Amino acid sequence: MTERLDLQELRRRLDAVDRRLLEDLAERRSLVAEVAAYKSSGDTVLRDRSREESLLQRLVDLGKGLGLEPYFVTRVFQEILDHSLRLQHELLARAADPARGTRPLVVGFQGGEGAFSHLASKRFFAMRGDATFKGWPTFRAMLEAVRDGDLDYALLPIENTTAGSINESYDLLAEMDLHLVGEEIQEVELCLIGLEADTPLAKLRRVLSHPVALAQCRNILADLAGHGCEAQVFIDTALSVAKVKADGDPTQAAIASAEAARIHGLPILRRAVQDQKGNFTRMVVVAREPEIFDARIPCKTSVMFSTRHAKGALARSIAILAENELNLTKLESRPRPNAAWEYRFYLDFEGNLADPAVRAALGAFAAETSDLRVLGSYPARTVDAAKAAEPRT
């Protein structure tokens, strides 16, 4: 009885510590909001990477004295600093547009609850506690809902570090008059999820998942194929887990997120089954109207265009970006519908349309291209300026 009481007391003290941590985080959030209010009325830099590096190093050193591991301290405070920066961006956007945040948001994602697009949407809109999230069966249906006003925003996967570009997404952006207003990077750790925890992998006969997820797991699928197991395309990762549960067939499994397994109450047979351990999907945030962002926020601009039928047209167009010291980060080509051997190009570069130099460069770019369309200029998550700081050594 004494041992049980002692454990209960320890848990009570842990609960008290957790509460203090939350109270301190809430106080920190209030201070960050005050900093954002100060910065909204001036030209102070939004992010001082040098200060972040010094802060992290000081915290790591302090943590060592308290018996805390440097890696643990670094990871915790990188998340805290990322949250602070996202909060500043949101509060600056509200200062520029007072109507922002006055009504609840409805955000779309493709698939079911626990899909990677769902996880990314919750992270991107974490500052909007009034946001609700709705799954859609296809990318097209989701984007049509944005176009028709049934959704305020949608998360659209655009490329993956293992499977490459998602062509359907590019084609839909070309077809619909929508705008890019943000991007999110979602780490994708894929799990093999079954009906029973003790199911031997050699007894599996079918593995369901979205085609992009299957393309990221060729190695384990090849191993399973040697035991007579086939990969079967399904409409979504998370919904494939729901089907495995509904079918009740122990020889059937799904590839999806650990969160999808948790939601549907199914066991994970094997974690991290993707071919590359560093597996990330870049998603763009799509809206009906463009949004303007503070010039101090590191942004990426995405455009869509065709080149004139002239020798070196594409090279001259790209050279304009280099001449204006704009860093090209992505160039993608897609066939033009009903025009054999003609192509439409998608291009991303670092730069904010709020910068007059960027607008001037785009003017010159337009003179060298045809059908130029600016898809959006939005806060970037993949440029060096947006990457997490590390402790200064």
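The values are calculated or read from the model by the stated rules, or taken from the named source; none is laboratory data. In this text, all values refer to a predicted model and were calculated from it rather than measured experimentally. Virtual Cβ from ideal backbone geometry, glycine too; neighbours counted across all protein chains shown. We work out accessible area using only protein heavy atoms, side chains counted, and drop any ligands, DNA or RNA first. Shrake-Rupley method; radii C 1.70, N 1.55, O 1.52, S 1.80 Å.
Some values worked out for this structure:
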quantity	calculated
Hits in region 344-358 (condition: open to solvent by 50 Å² or more (accessible area, probe 1.4 Å) and under 18 Å from Ile318 (Cβ atoms))	Glu350, Ala357
Residue list for region 186-201, restricted to those being surrounded by fewer than 17 Cβ atoms within 10 Å (Cβ to Cβ) and either closer than 30 Å to Lys387 by Cβ or in contact (Cβ under 8 Å) with a residue 12 or more places away in the chain (or both)	Glu187, Glu189, Glu196, Ala197, Leu201
Hey, Arg316 outside any strand (DSSP E or B) and either open to solvent by 70 Å² or more (accessible area, probe 1.4 Å) or at negative phi (or both) or not	yes
Qualifying residue in region 249-267 (condition: aliphatic (A, V, I, L, M) and touching a Pro at 6+ places or on another chain (Cβ under 9 Å))	yes
Positions within region 122-138 being outside any strand (DSSP E or B) and not polar (S, T, N, Q), in sequence order	Lys122, Arg123, Phe124, Phe125, Ala126, Met127, Arg128, Gly129, Asp130, Ala131, Pro137
Condition met for Glu183 (among the acidic types (Asp, Glu), buried (at least 21 other Cβ atoms within 10 Å of the Cβ) and either out of contact with any Ser or Thr (no Cβ under 8 Å at 6 or more places or on another chain) or closer than 30 Å to Gly376 by Cα (or both))	yes
Considering residues of region 125-149 that are modelled with pLDDT of 95 or more and open to solvent by less than 20 Å² (accessible area, probe 1.4 Å) only, the residue nearest to Leu91 (Cα to Cα)	Val146
Residue in region 362-377 that is part of a strand (DSSP E or B), modelled with pLDDT under 85, small (Gly, Ala, Ser) and more than 29 Å from Gln186 (Cα to Cα) present	yes
Residue match in region 89-105 (condition: modelled with pLDDT of 95 or more and either open to solvent by less than 30 Å² (accessible area, probe 1.4 Å) or not small (Gly, Ala, Ser) (or both))	no
Out of Leu85, Leu21, Leu62, sole residue that is surrounded by 11 or more Cβ atoms within 10 Å (Cβ to Cβ) and either in contact (Cβ under 8 Å) with a residue 12 or more places away in the chain or within 28 Å of the chain's Cα centre (by Cα) (or both)	Leu85
Asp236, sole failed condition from (1) touching a helix residue (DSSP H, G or I) at 6+ places or on another chain (Cβ under 7 Å); (2) buried (at least 24 other Cβ atoms within 10 Å of the Cβ)	(1)
Ala364 vs. criteria out of contact with any Lys or Arg (no Cβ under 7 Å at 6 or more places or on another chain), open to solvent by less than 70 Å² (accessible area, probe 1.4 Å) and closer than 20 Å to Lys300 by Cα	yes
Residue check, Arg4 at pLDDT below 90 and assigned to a helix (DSSP H, G or I)	yes
Unmet requirement for Leu204, which otherwise passes all of (1) surrounded by 19 or more Cβ atoms within 10 Å (Cβ to Cβ); (2) within 30 Å of Thr102 (Cβ to Cβ)	(2)
Any hit, region 263-283, residues being farther than 23 Å from Glu187 by Cα, assigned to a helix (DSSP H, G or I) and not aromatic (Phe, Trp, Tyr)	no
Residue among Glu325, Glu332 that is among the charged types (D, E, K, R), in a strand (DSSP E or B) and either modelled with pLDDT of 85 or more or buried (at least 18 other Cβ atoms within 10 Å of the Cβ) (or both)	Glu332
Number of the condition not met by Trp341 [criteria: (1) over 30 Å from Glu53 (Cβ atoms); (2) touching a residue at least 60 places away in the same chain (Cβ under 8 Å); (3) open to solvent by 40 Å² or more (accessible area, probe 1.4 Å)]	(2)
